[in-house]
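Okay, so here's the structure we're looking at.
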Amino acid sequence: MSLKDLKNVTYYDLNNEINIPKNGKIQLNKDKEALEAFLKENVQANLKTFSSLKERISFLIDNDYIESEFIEKYDFNFIEKLYQYLKEQNFHFKSFMAAYKFYAQYALKTNDNNYYLEQFIDRVAMNALYFANGNEELAMNLADEIVHQRYQPATPSFLNAGRKRRGEFVSCFLIQTTDNMNTIGRTINSALQLSRIGGGVGINLSNLRAAGDPIKHIEGAASGVVPVMKLLEDSFSYSNQLGQRQGAGVVYLSVFHPDIIDFLAAKKENADEKIRVKTLSLGVTVPDKFYELCKNNEDMYLFSPYDVEAIYGEPFSYVDITKEYDNMVNNENIKKTKIKARELETEISKLQQESGYPYIINIDTANKVNPIDGKIVMSNLCSEIMQVQTPSTVDNQQHYSELGTDVSCNLGSTNIVNLMDSPDFGKSVDAMVRALTFVSDNSNIDVVPSIQHGNHLAHSIGLGGMGLHSFLAKNQIEYGSPEAIEFTGVYFMLLNYWTLKTSNKIAKERKETFHNFENSKYADGSYFDKYIQEDWAPQNKRVQELFKNIFIPSEKDWEQLKNDVMEYGLYNQNRLAVAPNGSISYINDTTASLHPIISRIEERYEAKTGKIYYPAPYLSNETIPYYKSAYDTDMRKVIDTYAAAQKHVDQSMSLTLFMRSTIQDNLYEWKNGRTDKMTTRDLTILRNYAHYKGIKSLYYVRTYTDDNQEVGVNECESCSI
């Protein structure tokens, strides 16, 4: 039976029976039956088999399915030993969705797409062998982490490791443009090139002169940022990975840019087609001064980037608006526009309710706690990457006369449920950091030299987490409770500690640090002050119990780490970031990222198969009360949860807000007496609350509408860890 022959399969029908209650109960057993049927009817029936591992590897190499170079770095006896270990772990998918997702999207198939060439442990082996780069001990450690699903490489890494005809290991990038036609042209070309290789692109437009600004001293000549947005959207639509998927990008603009109103209006449903952007995502960078002006119900001034750069000698994004605001207001040489701060605040809320956009980047919050010398000016398509950048200068031949630094996102994620059961938390994280460092070291995005340059200097990675709600429900802890929030903080404190330890070890081993380490807060030791001056160990008895078998660093341990870092440095400029990781969480049989579930039984539409139902992990009579939908959860609890993690995460997190535009209960949600719906005023309050709690970024606003549909649901595939 070929993969295309689906006439006699039963697993779709079995899975769909989950949606048909029997005697008032959810038929969870149907998911297990669907899983068993899928493995028998689809996988076993279509799996190409071999008489030995050696025959299989030789076939894959000879037929250009996998590379030979990384295999040749190992003695074949070791590869057999690694495979034997993986088989002994007796890995099994726990849900139909997990197996379906893996075999549909990740498993290597024959060129005619009729047979599977690998099972899950084969993909694990390819990742472990490839990212260990010939190091047998590391390969075994990585295999152990991935097969036990404590660690999950990002989709492009997990998918492409070892393949001969592969894409890049990263699919998320940040670039910026400055205020001249050469750089704008180079930016559009970069968007095309990055989209061609499957990348999602974040682009900073704040430095561009506003509509009506002068060109060559001719007043009113500039067209502003909206036409550039249209060019970028067309570029992403054109460069669509051989027609398989539309390119994806987000553009960021400062809230103090004079084009901010037109920028937001371009996303409205009733916008004129000449200016409307349908697929391009929008983000706004917001300094502290905006929150202050809104709080005091004051007028605010929007400043000409052209004039600001002329006065300050640097692009608009690099000027501290909060610090310089009054000086800029009083400077007669800077053209400015006066509006009501609260009116703009309301416009942002209205658009978020209508479309899910814009993302919000609290840029001063990010820079205040940034330990790296330089300035963060933007984020990425999923709003969790925050790294310093420097602008480039492009000449008339489109060459870089001054090569700046831009960003590629080298991502992976911990599975919180499983990492908490690791026999050695620190050893687990060590393997993860080393795998991600390999990705960073071996990503060579030469189509955009500024990204290539920034990556080679920074060696940055982004290790995150998923499965928080799964872990809490499994342990019968309410999401957003004091125990849950403290657990989240301690968990990410540990990730911070152990990623620092490994990055320090790598720097010592290689005698190399990230560029400009000596000017960081790591080098002078000040970064570690809060850990030395405060006890971060769990205080609540329930949380202490959760961590009873896990080492918790004391103030003395942090003191020692501080001394080691000051002496030997760090190899990775950035280490932690929490992506949305929606897609890959299914394979891990866990909940996505750190936010609550959408529904206890998730209904997901797959283009080839129709509806698939996915029960929440560990769903049972005991855990069902702890699986409250995000749409029925106080969003302040979500913000509090992310804020607890943010204290330890050097970059940011994709924090999604969930709101109802109707009074409605999901089929599988218990009645909770809810009689209201979220308003634009609520969104404004939540953004201010998030800023107050130290949140660096707010990702989508997802809205549950009157017709049971969700608005703002564009899964970020570029960061789908």
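Considering only the range 199-217, state which residues are in a loop (DSSP other than H, G, I, E, B) and either of a type in the set (A, V, I, L, M, F, W, C) or crowded, with 21+ Cβ neighbours inside 10 Å (or both). Can you show your working first?
Of all residues in the range 199-217, those in a loop (DSSP other than H, G, I, E, B) come to 199, 205-214, 216-217.
Within the range 199-217, Gly199, Leu205, Ser206, Asn207, Leu208, Arg209, Ala210, Ala211, Asp213 meet the criteria.
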What strands (runs of 3 or more DSSP E) completely inside the range 218-311 contain at least 1 residues that are in contact (Cβ under 8 Å) with a residue 12 or more places away in the chain and more than 27 Å from the chain's Cα centre (by Cα)? 299-303
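Can you tell me which residue within the range 580-615, out of those that are at positive phi and within 21 Å of the chain's Cα centre (by Cα), is modelled with the lowest pLDDT?
Asn581
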Selection within the range 586-614 - aliphatic (A, V, I, L, M) and touching a strand residue (DSSP E or B) at 6+ places or on another chain (Cβ under 9 Å): Ile587, Ala592, Leu594, Ile598, Ile601, Ile612
Taking Thr414 and the conditions (1) of a type in the set (Val, Ile, Thr); (2) out of contact with any helix residue (DSSP H, G or I) (no Cβ under 6 Å at 6 or more places or on another chain); (3) under 17 Å from Glu512 (Cβ atoms), which numbered condition does it fall short on, given that it satisfies the others? (3)
Just to be sure I understand the filter: pairs with C-beta atoms under 9 Å, separated by 6 or more residues or on different chains, first member in the range 536-559 and assigned to a loop (DSSP other than H, G, I, E, B) and at pLDDT 95 or above, second member exposed (fewer than 15 other Cβ atoms within 10 Å of the Cβ) and of a type in the set (A, V, I, L, M). Which pairs pass? Phe547/Ala537; Ile552/Ala537; Pro553/Ala537; Ser554/Ala537
Gln387, sole failed condition from (1) surrounded by fewer than 20 Cβ atoms within 10 Å (Cβ to Cβ); (2) within 30 Å of Phe169 (Cβ to Cβ): (1)
What number of residues within the range 592-612 are part of a strand (DSSP E or B) and not basic (Lys, Arg)? 7
Residue satisfying condition, being small (Gly, Ala, Ser), closer than 26 Å to Lys427 by Cβ, assigned to a helix (DSSP H, G or I) and in contact with a helix residue (DSSP H, G or I) (Cβ under 7 Å, 6 or more places away or on another chain), within set Ala125, Ala99: Ala125
Scanning the range 560-591 residue by residue, those in a loop (DSSP other than H, G, I, E, B) and under 30 Å from His92 (Cβ atoms) turn out to be Ala579, Pro580, Asn581, Asn588, Asp589, Thr590, Thr591
Are there any pairs, at least 6 apart or on different chains, whose C-beta atoms fall under 7 Å, with the first in the range 31-53 and in contact (Cβ under 8 Å) with a residue 40 or more places away in the chain and the second among the aliphatic types (A, V, I, L, M) and assigned to a helix (DSSP H, G or I), and if so, which? Asp31/Ile18; Ala34/Leu14; Leu35/Ala99; Phe38/Ala99; Leu39/Ala99
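Counting only residues that are within 24 Å of Glu602 (Cα to Cα), outside any loop (DSSP other than H, G, I, E, B) and of a type in the set (Phe, Trp, Tyr), which one in the range 651-709 is modelled with the lowest pLDDT?
Tyr704
Rundown of residues vs (1) at pLDDT 85 or above; (2) assigned by TED's automatic domain parsing to the domain that holds Ser349; (3) over 17 Å from Lys336 (Cβ atoms), yes/no style:
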{"residue": "Gly224", "(1), (2), (3)": "yes, yes, no"}
{"residue": "Arg245", "(1), (2), (3)": "no, yes, yes"}
{"residue": "Gly249", "(1), (2), (3)": "yes, yes, yes"}
{"residue": "Pro258", "(1), (2), (3)": "yes, yes, no"}
Taking only the range 102-116 into account, find how many residues are surrounded by 15 or more Cβ atoms within 10 Å (Cβ to Cβ) and modelled with pLDDT under 95. 1
Against the conditions (1) in a helix (DSSP H, G or I); (2) closer than 27 Å to Leu594 by Cα; (3) among the polar types (S, T, N, Q), where does Asn327 fall short? Just the number, please. (2)
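The values are calculated or read from the model by the stated rules, or taken from the named source; none is laboratory data. Keep in mind it's a predicted model, so treat the numbers as computed, not measured. Please note: Cβ atoms are built from the backbone with ideal geometry, for glycine as well, and neighbour counts cover all protein chains shown.
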